[in-house]
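See below for the structure under consideration.
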Amino acid sequence: MLMTTRRRFLAGAGLLAAAGTVNRSALAALPEPVIQTSAATAAPLSPPNGRPYDPVVTLNGWTAPWRMNNGVKEFHLVAEPVEREIAPGMVARLWGYNGQSPGPTIEVVEGDRVRLFVTNRLPEHTTIHWHGQRLPNGMDGVGGLTQPQIAPGKTFVYEFVARRPGTFMYHPHADEMVQMAMGMMGFWVTHPRDRHPHIARVDRDFCVLLNAYDIEPGSYVPKINTMLEFNLWTWNSRAFPGIDSLNVRKGDRVRVRIGNLTMTNHPIHIHGHEFEVTGTDGGPTRPESRWPEVTTDVAVGQMRQIEFVADEEGDWAMHCHKAHHTMNAMGHEVPTMIGVDHRGLVENIQKLVPDYMLMGERGMADMGEMEMPLPDNTLPMMTGQGPFGSIEMGGMFTVLKVRREQKRDDYSDPGWFKHPQGTVAYEWAGAGLAEPARSDSAGRSSMPRTESEQSIEMTVRKPTGHQGH
Ligand SMILES: [Cu+2]
């Protein structure tokens, strides 16, 4: 959903008119920035001009349109306050680019000369650092070090040649802690110019930028001084169940590009498939350096490209393996209640405090289904309805959907997987479990102790003569 009819027309028509139809005065003017108001995943942007490439899909994001100006690819980024839907039911007031956080993905081709106009509509100065790029030092975007800060209301121009193919990011290098905590960041992909020996062609190419926010339940603006205790762990500023699924066709070669601009590392895990890291922040990895894995850690400031053939049909979980990062906002002060017997207590307290609820007595799974009244503008801690009930997830979690019948170039959600008969875990219908034999406290167990362990135990147990023991 683009803001004006004209903008919608320009973007929908594959954009900002080809160079031949742009007149001289238009070329002297700033390229019109395209403002995005939706958090939906945009269809990949097939390049309307310039060198051809296979476009990426930014989950819950989009690629910035450009105009060609005498062979230079021109983009216009506007740094500004934005409203971002984190998931249905919660909107955050962030800072971002062109209407959203993260900003649009920039896609160019190796060897492209790129000119980026950056207009600052924030209440304070900013810059943009082009993370990972080879470029002239004065284009590196470090406020105070390589350029003056961009004051509110001003527009700066960055220009360089995209010298190497790979996965990059962009973010401010000005009041960096605050501006990144507020959501200012974006993805950059430089596609190879020709066939590259270490870059395979893929059928699906997804972009995920890892970010995190600390937004008190019921409020809208992130707390900017938080270093580690974030309460919203997001991909492209979306939390489960707001993160779109990765929809692929069985047999597709799939690439997922992951960049981490949070303040901690994220071990990204995919079910049902092995993948290889085919690229890092430094570019494509040499094939002889790759090994198969199912989880890869993405440290702060890093980018990882993982690739696999999606050859197992189904709905496969894909998530950060830090369990706290697949939860939405929750208090860290919730005590562990497992095993505590509260029978009768809740009823008594509810006579005094009608809304009182006890959390966590049998684990926390109940939270996933609890119809607990939440403050405005917050997300349940564990949520998401699957075909078999609550998924009990939040944060950095989504689903890789592999389908035989998914059409090529079709990114639409195929719905839940229909499992072939006899392939779903099922309830045992036979006799129940009798109480199993357990080893006793005298230490008779399947692992007999060594003599020395036994003698240590004797020493401890024997009274030593001290009074009062
Ligand atoms: Cu994580």
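The values are calculated or read from the model by the stated rules, or taken from the named source; none is laboratory data. Every value quoted in this text rests on a predicted model; they were computed, and no experiment measured them. All Cβ positions, glycine included, derive from the backbone under ideal geometry; neighbour counts span all protein chains shown.
Residues considered: R249, R253. Of these, the only one that is surrounded by fewer than 19 Cβ atoms within 10 Å (Cβ to Cβ), at pLDDT 95 or above, away from the ligand (no atom under 16 Å from the Cβ) and not polar (S, T, N, Q) is R253.
Among the residues of region 256-275, the ones that are out of contact with any Gly (no Cβ under 9 Å at 6 or more places or on another chain), closer than 24 Å to L228 by Cα and either of a type in the set (G, A, S) or away from the ligand (no atom under 16 Å from the Cβ) (or both) come to 0 in all.
Residue under question is T155, and the condition is that it be closer than 17 Å to D205 by Cβ and in contact (Cβ under 8 Å) with a residue 24 or more places away in the chain; does it hold? Criteria not met by T155.
Restricting attention to region 212-228, the residues being within 16 Å of the ligand (Cβ to nearest atom), more than 17 Å from the chain's Cα centre (by Cα) and of a type outside the set (S, T, Y) number 1. When region 392-417 is limited to residues that are assigned to a loop (DSSP other than H, G, I, E, B) and within 16 Å of the ligand (Cβ to nearest atom), the one that is nearest to R249 (Cα to Cα) turns out to be M396.
Each row is one residue, and each column tells you yes or no for (1) within 30 Å of I215 (Cα to Cα); (2) surrounded by fewer than 10 Cβ atoms within 10 Å (Cβ to Cβ); (3) modelled with pLDDT of 80 or more.
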residue	(1), (2), (3)
G394	yes, no, yes
A425	no, yes, yes
A431	no, yes, yes
K462	no, yes, no
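For region 283-311, a residue qualifies if it is within 19 Å of P197 (Cα to Cα), touching a residue at least 24 places away in the same chain (Cβ under 8 Å) and out of contact with any strand residue (DSSP E or B) (no Cβ under 7 Å at 6 or more places or on another chain), and the qualifying residues are R286, P287. Criterion first (in contact with a Pro (Cβ under 6 Å, 6 or more places away or on another chain), surrounded by fewer than 22 Cβ atoms within 10 Å (Cβ to Cβ) and of a type in the set (A, V, I, L, M, F, W, C)) does I224 satisfy it? Against the criterion (in contact with a Pro (Cβ under 6 Å, 6 or more places away or on another chain), surrounded by fewer than 22 Cβ atoms within 10 Å (Cβ to Cβ) and of a type in the set (A, V, I, L, M, F, W, C)), I224 does not qualify.
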